[in-house]
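Notes follow once the structure below has been shown.
The values are calculated or read from the model by the stated rules, or taken from the named source; none is laboratory data. Keep in mind that what you see is a predicted model, and the values were worked out from it rather than measured. Backbone-built Cβ (ideal geometry, glycine too); neighbour counts: all protein chains shown.
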Amino acid sequence: MQQRVITVVLLVGLFFGLMTLGSGMSSWRLPDNQQGYAPEQPIDYSHRLHAGELNIDCRFCHSAAEQSRHAGIPASDVCMKCHQFVTSSFDVRQEEIKLAEKEQRKPRTIISDKLRPLYKSLALDETLKPKADVTPQSIQWVRVHNLPDYVYFDHRAHISVGVKCQRCHGPAESMQRMQQFETLSMGWCVKCHQDATKDGIDGRAVHASTDCAVCHY
Amino acid sequence: MKNADNTNEISRRRFLEAAGFSMTLAALGGCGRAPTENALPFVTQPEGTIPGRSRSYASTCGGCPAACGLLVGVRDGRPLKMEGMPEHPLSRGGLCAIGQALPLELYDRLRLQHPLQQGKQVDWKDIDRAIAKQLSEIAAKQGAVRFVTSTVTSPTLKSSINQFLSSFDNAQHVTFDAISCSAILDAHEQTHGVRVLPHFRFDQARVIASFGADFLGTWISPVEFTAAWRAGRVPTETDAEMSHHTHLEDRMSLTGSNADRRFRLSPDDYGGVLSHLATRLVKLSDVPPPAGKLTASPIPDKEVAHLADRLWESRGASLVVCDSQDIAVQSLVNFINHLLGNYGETIDIARPSYQRQGNDRDVIALIEELNAGQVDALFVAGNDLTHNLPEHAALVEAIKQVPLVVSFAEREDDFSSLAHFVCPDHHPLESWLDAEQVNGLVSLSQPTLQPLGETRSILESLNRWVGNTDSAYEILRSHWKANVLPRAKSQEFNEFWDHAVHDGFVEVEPRVVSAQQFQTDAVRLIERQQPTEGFSLSLYPKIGLADSRNAHNPWLQELPDPVTKVTWDNYVCISPLAAEELSLSNGDVVRVTTADGRIEVELPTLIQPGQHDRILAIALGYGVRGTDRFANIGPDWIEAKPMLAEGELVGKNVAGFIEAGEGAISYFRNGITLEKTGRRRELATTQRFHSLEVPPHVAPHGGEVREQIQETTLAAYRKNPKSGAPESHHPAGEQLWAEDHPKTIHQWGMVIDLNACTGCSACLVACQSENNVPVVGKDEVRRQREMHWIRIDRYYSGNGDETGVAHQPMMCQHCGNAPCETVCPVLATVHSEEGLNEQAYNRCVGTRYCANNCPYKVRRFNWFDYEHNDTLQNLVLNPDVTVRSRGVMEKCSMCVQRIEEGKIAASSRGEPLTDGEIQTACQQSCPAQAIVFGDMNPLFLFAVPLEKKSETEELDKRRIPKLLRAAFQNNEKKLPEHVSVTVLEEGHKWQVTAEASRYVVRKATEELNVYEESRVGIALANPRSYGVLEEFNFRPAVSYLRVVNNTAEDATNGGGHV
């Protein structure tokens, strides 16, 4: 009797447990390990296209990485450095130019659906002129690499000694959608610090401390 | 116990199995993704801003009219940390507690967000129209317009007020200071023919005599005066000179607690002592004596003669100051300073100070006018008029009769509740403004964020009402172009302006102040008054709170008074002797009543050593409208007691006891009776022990005492700079701790000069602001659970006139052999290789063993999750420091976030860290520059990057200290075995590692003579240096420099804080 009660309890528990886990069961991870996290972003931005195919340096957009704790997400107007000209794919624009030649008019600006959220953020209309009555709004990117609040990571410290971006962020230049490549766990940080102190970075000796207060304060 | 084999029962084992299974599932269920967090970049990045980087803006502190130089640390668009401006000629890098607490006031939800008309929210347009309409009516019938402000240091605001008032026939600007110095100005009008407050130069004074002036705490410009006073207070081996500071006062003020010689003297008797002093000085100089009769001196003639001789010997380099509000007394002070030739030397009257301009005569006249119903329009800015003046009920009735009452209050206060219109001014951090502290020194305040509410600068309001719609920035610029530029050497305005905005201040040609010859006729000797019956009452401003405007700031309310150590209340200070006579103890509520019985207040007593036996003292600035908001501040838990009863305010307002005397407002009153009410109110004090004396029955063998505050006298110091050090009583024996801490290039340390430290507590608020230290409320302070990372211990010795006071800042000492580290079961507190005692909050489980084992009692436990529900107030939190949660231990980290920031910044620049580059928050703000922080290791221990190890030329280019070069040329084999120099082949990097303790390293390098001491190293080598409890071999990284009192060697005053 007793055994049966327990079995039923355990089965019910297992059922509800599996229900709760559901989608999260794709891989076995320790709590708080966000490895592989690749949330959908408001703009379907491709690192593979920009950093991979077009070979734009990481620090062109994440320019604060050398000067601040945060690498920073580029402001919308940084995107506009290129995207005031590049508003849709090459083929679409070529077609429009041809069509315009045929119809003997100036080519129209054609905005691809993918880029619409960017122009919306800057409150620009179809011709990329600012809309008078709309206030520009930040793009609500979803944060991918998120350390706990009691961890203080400084991009500057790592960049200045020559740690490559890919060492922590993985091959971003091959990612269509950005994902967390490493575990970003404390053990992973400490291991790298120990290795760097032992072997140096690119042949340069460094002292990567493993004191608590290097990251926790 | 039931039989486990009984199958009808769930066995313990079964239960645990099932529970474990469920727990595992629950844990796995928690493995889902963390909540989605958005990252919002700018749309257009403002030029020069870098996310996560703090930038400093030069500005001027708006906390009080002293207007110290300020560097506002702004990060991601919000001002967070106030720092002193080291270049500022007056404040010299210091900043007081009020300045440090500015950001909390900025992010206050109770600040008015909109203008109010009859208490209702309205638009600026409507309010402007309504005021303009009424003003035109008043102008037409030539009505009286009175504009009341506290001291206006801003030349632009002053000119705007004058411009506004010039459109009325009967208009007057009345300057009313809640803490007035009016008598000093009036006395100078009588003796020098100009109504000015001279600029006191404490740095030039070798002998200082202060009659009640708390110049290190609250008087006129305490930060500036502390910096100046400190200049004469630090003897060195080569120059063993110190200024001598005599203090005569009624209560125990911060300044009195730092004096070399202190007398208890009733303010009624200041005149008597000054008359004797003047008479003696007249004899020494060849000047006719002033009129008047000389009566018996309140203090022994011998002491007066001694003081007079001392002053005379240092004539031209002495200074007598007095805070009396009696013009005759102040005239006598002027006469003495004149006899001593101090004018032009320690007292600058040609470049007077504008930091106090209050004119009590005007204020008294205004009250009469109000009572007579002769005022048609009343404007009040920068001051809560009704809260800070006596005769409250009559004044309120009189103001209610005024047809137009306008307040510029930042939050609703007592006066603004009477106002028809409230036109809230910006917070000083939100607005453009200027200040001329001293004739010829003009400072700028610049906004550091967009105004948080629909407030408007008072400059704009005033100009709007005379038809000028310029912004405050334009008003300021045009005033500077017309009035400040002509006084400057520069010709080009934009260049001049940019320079001023960048630096925060400019020095320009002073205005001409034509003081007359000294008018000896204006001076009379003052007869000693007959002592009156009963007690006298002395009202004083409290450090941190000053006048009522800071009462809404919980940091300042929880700041322990530097002398009494009481928070969150005002109280009646009474001398130990009087308390004994009346059998009063701390916390007994007493009723203080005036002779006519019209004014009374009930407050708890506080027994204050060093207080005059017949004088009671109560702090002003309490009982402020709206402070009932703090009733439930602090953690919400089952035993929480509300701090205040229903509708009760923090403290009581005692402005009712202020007396309008002859031409000045007096904060001293005779004929006071005191009676016990039988009730008690426990004060929230942060220090419950006041003396370090060891009772004989527990004294160790031989009566040996541990001297935590070591003191010596100047005479003894001259003979032996190490005097005051205890006899070595603990021979170095077996050590409990092994020398196994790894050490790298930096070993952080701190040295605090106790001779410079005044105990002002600015560091305490600086630390609170930097390190997100929570406010816990009165109930928790009573339970001794305050969270401040620095406490300033205050110890008394002696009694009566001989009461000595010692202040000692105490924070985590970062012991090399830390007792806390050995008892932590989870290694949450461990030692870093740079000599810091680290506390990892995320590892701490809250056993509190470490706090128990800490000999300095500097660890603070988070008993609760302290309140962080106010999203606006949370903007004050420093994003570089974790907000600690319930159940973890915390303590001073030596601002490790700043250390890391400094190291990383240096590494990004590719240069070694320079000595002094990293400053802790407490060190930065210290007005007395008593704190030195930095690397204890000699400078040559820095690792220096080299391109090629053999090229000395390369070394030069990289500005390597010459010492390392010497060490390099000396050949590493010559270095003693304690110090090894290794060349890391791969990195071409010099690294000098010290295997032994820093003491050994220094000794070794001394032999080699190839090092340059760091600033901390130099301070440690000072013969006055000692470590608290160092005999236990904790090896604290914080050291102290012994106090030197400028007293005769045999004097009992001062010494003996044991």
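Quick check on my filter: what residues within the range B:522-546 are over 27 Å from B:R614 (Cβ atoms) and crowded, with 21+ Cβ neighbours inside 10 Å? Steps first, answer last, please.
The initial filter retains those residues of the range B:522-546 that are over 27 Å from B:R614 (Cβ atoms), namely B:522-523, B:544.
Of everything in the range B:522-546, those that are over 27 Å from B:R614 (Cβ atoms) and crowded, with 21+ Cβ neighbours inside 10 Å turn out to be B:V523, B:G544.
Looking at the range B:588-620 only, could you name the residues that are within 27 Å of B:I98 (Cα to Cα), assigned to a loop (DSSP other than H, G, I, E, B) and touching a strand residue (DSSP E or B) at 6+ places or on another chain (Cβ under 6 Å)?
Those that are within 27 Å of B:I98 (Cα to Cα), assigned to a loop (DSSP other than H, G, I, E, B) and touching a strand residue (DSSP E or B) at 6+ places or on another chain (Cβ under 6 Å): B:Q608, B:P609, B:Q611, B:L620.
If I go through the range B:740-755 residue by residue, how many of them are more than 15 Å from B:G934 (Cα to Cα) and at pLDDT below 85? Don't jump to the end; show me each part of the working.
Going through the range B:740-755, the residues more than 15 Å from B:G934 (Cα to Cα) turn out to be B:740-743, B:754-755.
Applying the additional criterion that residues be at pLDDT below 85 yields B:740-743.
The total comes to 4.
Give the range B:863-887 a look and list any residue that's surrounded by fewer than 20 Cβ atoms within 10 Å (Cβ to Cβ), without any contact (Cβ under 8 Å) to a residue 60 or more places away in the chain and within 11 Å of another protein chain (Cβ to nearest Cβ), or say none.
B:S885
Give me the pairs: first residue in the range A:135-154 and at the interface with chain B (Cβ under 7 Å from one of its Cβ atoms), second residue among the charged types (D, E, K, R) and surrounded by fewer than 16 Cβ atoms within 10 Å (Cβ to Cβ), beta-carbon distance under 9 Å, and six or more apart or on different chains, which are they?
Pairs that qualify, where the first residue is at the interface with chain B (Cβ under 7 Å from one of its Cβ atoms) and the partner is among the charged types (D, E, K, R) and surrounded by fewer than 16 Cβ atoms within 10 Å (Cβ to Cβ), are A:V142/A:E40; A:V142/B:E37; A:R143/B:E37; A:N146/B:E37.
When you look at B:A97, is it within 20 Å of B:V508 (Cα to Cα), crowded, with 19+ Cβ neighbours inside 10 Å and among the aliphatic types (A, V, I, L, M), yes or no? It would help to see each step written out before you state the result.
Details: within 20 Å of B:V508 (Cα to Cα): no; crowded, with 19+ Cβ neighbours inside 10 Å: yes; among the aliphatic types (A, V, I, L, M): yes.
Criteria not met by B:A97.
Does B:L70 count as more than 14 Å from every other protein chain (Cβ to nearest Cβ) and part of a strand (DSSP E or B)?
Values: more than 14 Å from every other protein chain (Cβ to nearest Cβ): yes; part of a strand (DSSP E or B): yes.
Answer is yes for this residue.
Collect the residues in the range A:199-217 that are among the polar types (S, T, N, Q) and at the interface with chain B (Cβ under 7 Å from one of its Cβ atoms), keeping them in residue-number order. Spell out the reasoning first.
The first filter runs over the range A:199-217 and keeps only residues among the polar types (S, T, N, Q), leaving A:209-210.
Matches in the range A:199-217: A:S209 only.
Looking only at residues in the range A:155-184 that are among the hydrophobic types (A, V, I, L, M, F, W, C) and in a loop (DSSP other than H, G, I, E, B), which one is nearest to the other protein chains (Cβ to nearest Cβ)? Can you show your working first?
Within the range A:155-184, the first condition is being among the hydrophobic types (A, V, I, L, M, F, W, C), and the residues that meet it are A:157, A:159, A:161, A:163, A:165, A:168, A:172, A:175, A:178, A:181, A:184.
Imposing the further condition that a residue be in a loop (DSSP other than H, G, I, E, B) reduces the set to A:161, A:163, A:175, A:178, A:181, A:184.
Working: A:V161: 7, A:V163: 12, A:M175: 17, A:M178: 11, A:F181: 16, A:L184: 12 Å.
Per the stated criteria, the residue is A:V161.
How many of the residues making up the range A:65-123 are assigned to a loop (DSSP other than H, G, I, E, B), without any contact (Cβ under 8 Å) to a residue 12 or more places away in the chain and within 14 Å of chain B (Cβ to nearest Cβ)? Step through it out loud before you land on a result.
Going through the range A:65-123, the residues assigned to a loop (DSSP other than H, G, I, E, B) turn out to be A:67-75, A:84-89, A:104-112, A:122-123.
From what is left, the residues that are without any contact (Cβ under 8 Å) to a residue 12 or more places away in the chain are A:72, A:75, A:85-86, A:104-106.
Remaining after also requiring within 14 Å of chain B (Cβ to nearest Cβ): A:72, A:75.
Matching residues across the range A:65-123 total 2.
Quick check: is even one residue across the range B:777-798 free of Cβ contacts under 8 Å to residues at least 60 places away in the same chain and more than 16 Å from B:D561 (Cα to Cα)? Spell out the reasoning first.
Step one: filter the range B:777-798 for residues free of Cβ contacts under 8 Å to residues at least 60 places away in the same chain, giving B:783.
Now drop any that are not more than 16 Å from B:D561 (Cα to Cα), which leaves B:783.
Yes, the conditions are met somewhere in the range B:777-798.
Report whether or not B:T567 is in contact (Cβ under 8 Å) with a residue 24 or more places away in the chain and surrounded by fewer than 20 Cβ atoms within 10 Å (Cβ to Cβ).
no
Can we say A:A196 is buried (at least 19 other Cβ atoms within 10 Å of the Cβ) and either within 8 Å of chain B (Cβ to nearest Cβ) or part of a helix (DSSP H, G or I) (or both)?
Details: buried (at least 19 other Cβ atoms within 10 Å of the Cβ): yes; either within 8 Å of chain B (Cβ to nearest Cβ) or part of a helix (DSSP H, G or I) (or both): yes.
Answer is yes for this residue.
A:A205 is checked against (1) touching a Leu at 6+ places or on another chain (Cβ under 8 Å); (2) surrounded by fewer than 17 Cβ atoms within 10 Å (Cβ to Cβ) and fails just one. What number does that condition carry?
The failed condition is (2).
Got at least one residue in the range B:1004-1024 being at pLDDT 85 or above, out of contact with any Asp or Glu (no Cβ under 9 Å at 6 or more places or on another chain) and small (G, A, S)?
Checked against the condition, which is being at pLDDT 85 or above, out of contact with any Asp or Glu (no Cβ under 9 Å at 6 or more places or on another chain) and small (G, A, S), the range B:1004-1024 yields no hits at all.
Being part of a loop (DSSP other than H, G, I, E, B), more than 21 Å from B:N1046 (Cβ to Cβ) and touching a strand residue (DSSP E or B) at 6+ places or on another chain (Cβ under 9 Å): is that true of B:V773 here? Let's see the steps before the verdict.
Values: part of a loop (DSSP other than H, G, I, E, B): yes; more than 21 Å from B:N1046 (Cβ to Cβ): yes; touching a strand residue (DSSP E or B) at 6+ places or on another chain (Cβ under 9 Å): yes.
Answer is yes for this residue.
Here is a yes/no grid of residues against (1) without any contact (Cβ under 8 Å) to a residue 24 or more places away in the chain; (2) of a type in the set (D, E); (3) under 20 Å from B:Q784 (Cα atoms):
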{"position": "B:I607", "(1), (2), (3)": "no, no, yes"}
{"position": "B:Q611", "(1), (2), (3)": "no, no, no"}
{"position": "B:L620", "(1), (2), (3)": "no, no, no"}
{"position": "B:D628", "(1), (2), (3)": "yes, yes, no"}
{"position": "B:F657", "(1), (2), (3)": "no, no, no"}
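Only one of these is within 7 Å of chain A (Cβ to nearest Cβ) and modelled with pLDDT of 70 or more: B:G63, B:G52. Name it. Break it down stepwise before answering.
Numbers: B:G63 fails: within 7 Å of chain A (Cβ to nearest Cβ).
Unique residue meeting the criteria: B:G52.
Any residue at all in the range A:72-84 that's touching a Ser or Thr at 6+ places or on another chain (Cβ under 9 Å), surrounded by fewer than 13 Cβ atoms within 10 Å (Cβ to Cβ) and of a type outside the set (F, W, Y)?
No, the range A:72-84 contains no residue that is touching a Ser or Thr at 6+ places or on another chain (Cβ under 9 Å), surrounded by fewer than 13 Cβ atoms within 10 Å (Cβ to Cβ) and of a type outside the set (F, W, Y).
Rundown of residues vs (1) more than 10 Å from chain A (Cβ to nearest Cβ); (2) more than 30 Å from B:S253 (Cβ to Cβ); (3) crowded, with 19+ Cβ neighbours inside 10 Å; (4) not charged (D, E, K, R), yes/no style:
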position: B:H788; (1), (2), (3), (4): yes, no, yes, yes
position: B:R791; (1), (2), (3), (4): yes, no, yes, no
position: B:S797; (1), (2), (3), (4): yes, no, yes, yes
position: B:E802; (1), (2), (3), (4): yes, no, no, no
position: B:H807; (1), (2), (3), (4): yes, no, yes, yes
position: B:S832; (1), (2), (3), (4): no, yes, yes, yes
position: B:Y841; (1), (2), (3), (4): no, yes, yes, yes
position: B:C844; (1), (2), (3), (4): yes, yes, yes, yes
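Kindly indicate which of A:V151, A:V161 is modelled with pLDDT of 90 or more and either surrounded by fewer than 18 Cβ atoms within 10 Å (Cβ to Cβ) or not hydroxyl-bearing (S, T, Y) (or both).
Working: A:V161 fails: modelled with pLDDT of 90 or more.
Every option except A:V151 fails the conditions.
Any chance the range B:498-510 includes a residue that's among the small types (G, A, S) and at positive phi? Talk me through it step by step, then tell me what you get.
Our first condition is that a residue be among the small types (G, A, S); within the range B:498-510, this holds for B:500, B:504.
The next check asks that each one be at positive phi; those that pass are B:504.
Within the range B:498-510, one or more residues are among the small types (G, A, S) and at positive phi.
Any residue in the range B:892-902 that is of a type outside the set (A, V, I, L, M, F, W, C), at positive phi, facing chain A (nearest Cβ under 10 Å) and surrounded by fewer than 21 Cβ atoms within 10 Å (Cβ to Cβ)? Before you say what the answer is, go through the steps one by one.
Keep residues of the range B:892-902 that are of a type outside the set (A, V, I, L, M, F, W, C), which gives B:893, B:897-898, B:900-902.
Among the residues that remain, those that are also at positive phi are: none.
So far as the range B:892-902 goes, no, none of its residues is of a type outside the set (A, V, I, L, M, F, W, C), at positive phi, facing chain A (nearest Cβ under 10 Å) and surrounded by fewer than 21 Cβ atoms within 10 Å (Cβ to Cβ).
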